[in-house]
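The values are calculated or read from the model by the stated rules, or taken from the named source; none is laboratory data. Treat the numbers as computed from the prediction; the structure is a model and nothing was measured. Backbone-built Cβ (ideal geometry, glycine too); neighbour counts: all protein chains shown. Heavy atoms of the whole protein, side chains included, go into the accessibility calculation; ligands, DNA and RNA do not. Shrake-Rupley method; radii C 1.70, N 1.55, O 1.52, S 1.80 Å.
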Amino acid sequence: FYKWGPTPLDLSDPAWQQETFTTRAVGLMPWAPVHVTGLRNGAGDLSISWIRRTRLGGVWSDGTDIPLNEESERYEIDILNGSTVVRTIAVTNPAATYSAAQQTADFGASQASIAVRVYQLSATVGRGFPATRTLTV
């Protein structure tokens with residue numbers, strides 16, 4: 001609850017107002033990954049990869065990778081048919097495979113383009129901001 005009003009008046013005075021507010025912890029949500037790419041192999045499987053970002057301590061000092069700002073590295077990739085999520089793939093590194101068999105189960109056949117949303121997960125707030133991309137492969 002948030003309550004505000006003129007300080008000289010008693011809290012029970014009608015000049016004081018009150019509102020309920022639910023925080024979404026937006027400042028703790030992981031940033032959206034970047035450079036989401038897709039590559040299809042000869043079997044029709046789609047390899048999806050991306051680069052993670054971090055909110056804190058993101059100085060690129062060693063020239064290889066930024067430090068992980070979460071308890072563990074976890075991601076969820078939503079496969080979309082229009083605006084409908086047809087499959088969610090959970091992984092623990094910045095790459096996932098969407099097999100030809102999964103594509104057939106979800107769409108009836110392998111697709112020439114596939115829309116995805118990639119989320120980094122936080123133990124504190126869950127999904128971060130999504131990276132949305134249509135992969136044409």
Check: Taking the stretch 98-125, which residues are without any contact (Cβ under 8 Å) to a residue 60 or more places away in the chain, of a type in the set (A, V, I, L, M), surrounded by 13 or more Cβ atoms within 10 Å (Cβ to Cβ) and within 14 Å of ASP45 (Cα to Cα)?
Finding: ALA100
Notebook entry, point to check: Looking only at the stretch 11-40, which residues are under 24 Å from VAL137 (Cβ atoms) and part of a strand (DSSP E or B)?
Noted result: VAL34, HIS35, VAL36, THR37, GLY38, LEU39, ARG40
Note to self: Looking for something in a loop (DSSP other than H, G, I, E, B), among the hydrophobic types (A, V, I, L, M, F, W, C) and modelled with pLDDT of 80 or more - is there at least one such residue anywhere in the stretch 41-52?
What the structure shows: yes
Item checked: Residue in the stretch 110-125 that is out of contact with any Pro (no Cβ under 9 Å at 6 or more places or on another chain), closer than 30 Å to TYR2 by Cβ and at pLDDT below 95 present -> yes
Notebook entry, point to check: Checking GLN17 against (1) over 17 Å from VAL118 (Cα atoms); (2) surrounded by 11 or more Cβ atoms within 10 Å (Cβ to Cβ); (3) touching a strand residue (DSSP E or B) at 6+ places or on another chain (Cβ under 7 Å), which single condition isn't satisfied?
Noted result: (2)
Check: Going by the structure shown, is ARG40 charged (D, E, K, R) and open to solvent by 80 Å² or more (accessible area, probe 1.4 Å)?
Finding: no
